[in-house]
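Accompanying notes for the structure given below.
The values are calculated or read from the model by the stated rules, or taken from the named source; none is laboratory data. Since the structure is predicted, the reported quantities are computational estimates derived from the model, not experimental observations. Here the Cβ positions follow ideal geometry from the backbone for every residue, glycine too, while neighbour counts run over all protein chains shown.
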């Protein structure tokens, strides 16, 4: 029996029975210890001196030619097309799948894709247009890092969070389909979710759109979501418009809830 997963606690160690997987407290100075659940006799010297077994994740057996994938996950795109439409049999995109591809100018990601990993489009310097899936929950770390030609993007309503350094690229405007999507601002440890245009630079996001309403990115940015900003301005969180009589939105008719 070769097993090692213990924590020293005075004269006892915490071990897991290799037969029934029960968590036990055993006297480390005893030659043998019995599992109180299944009765298995454990030889303590073998348990304490055993090397942990490290299971390596097997390399994927990739299918396809240009779109190399396994079990619905796209691992690598090998084409040099300018316009790319990802097939609907793809359900997730692995880290760095398009990384460094300088040929791509536009990419359409179908709604079958539920997850896009880190750095998927990192350094795709020619990428100008991307259609994100309506099923996406999060835009991950460095997804569009280095995409200098990407000037505008629409964030689907399904996206709940934009991670730090996810879209630090050539973006100048962002259109949000939901006011609840959150983003990260810059701090001493990390880059923000996207750069904000400031007086001392010529790049960064200057315009944010929401339901045909345009906002100054500098005003919205620090609130980390449109929802928080709109509430602070006494505007409708459903469409961004002003409230009228009886606290009903002039555009969508939603009643004010705050």
Single residue of 130, 113 found to be assigned to a loop (DSSP other than H, G, I, E, B), in contact with a strand residue (DSSP E or B) (Cβ under 7 Å, 6 or more places away or on another chain) and modelled with pLDDT of 95 or more: 113
Per-region count, the stretch 209-258, residues outside any loop (DSSP other than H, G, I, E, B), at pLDDT below 95 and in contact with a helix residue (DSSP H, G or I) (Cβ under 8 Å, 6 or more places away or on another chain): 1
Residue in the stretch 219-231 that is surrounded by fewer than 17 Cβ atoms within 10 Å (Cβ to Cβ), closer than 17 Å to residue 252 by Cα and assigned by TED's automatic domain parsing to the domain that holds residue 182 present: no
Pairs, first within 20 Å of residue 161 (Cα to Cα) in the stretch 214-242, second in a helix (DSSP H, G or I) and modelled with pLDDT under 95, C-beta under 7 Å, six or more apart: none
Residue match in the stretch 150-158 (condition: farther than 22 Å from residue 252 by Cβ, in a loop (DSSP other than H, G, I, E, B), assigned by TED's automatic domain parsing to the domain that holds residue 133 and modelled with pLDDT of 95 or more): yes
Test: residue 176 is in contact with a helix residue (DSSP H, G or I) (Cβ under 7 Å, 6 or more places away or on another chain) and over 20 Å from residue 68 (Cα atoms): yes
Failed condition for residue 110, given (1) within 20 Å of the chain's Cα centre (by Cα); (2) without any contact (Cβ under 8 Å) to a residue 24 or more places away in the chain; (3) surrounded by fewer than 18 Cβ atoms within 10 Å (Cβ to Cβ): (2)
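Can you report the number of residues in the stretch 116-126 which are assigned to a loop (DSSP other than H, G, I, E, B), within 17 Å of the chain's Cα centre (by Cα) and within 19 Å of residue 154 (Cβ to Cβ)? Can you show your working first?
Within the stretch 116-126, the subset assigned to a loop (DSSP other than H, G, I, E, B) is 117-126.
Restricting the remaining residues to those that are within 17 Å of the chain's Cα centre (by Cα) gives 117-122.
Those left that are additionally within 19 Å of residue 154 (Cβ to Cβ): 120-121.
Residues meeting the conditions: 2.
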Qualifying positions in the stretch 168-194 - within 19 Å of residue 124 (Cα to Cα), in contact with a strand residue (DSSP E or B) (Cβ under 7 Å, 6 or more places away or on another chain) and crowded, with 20+ Cβ neighbours inside 10 Å: 171, 174, 193, 194
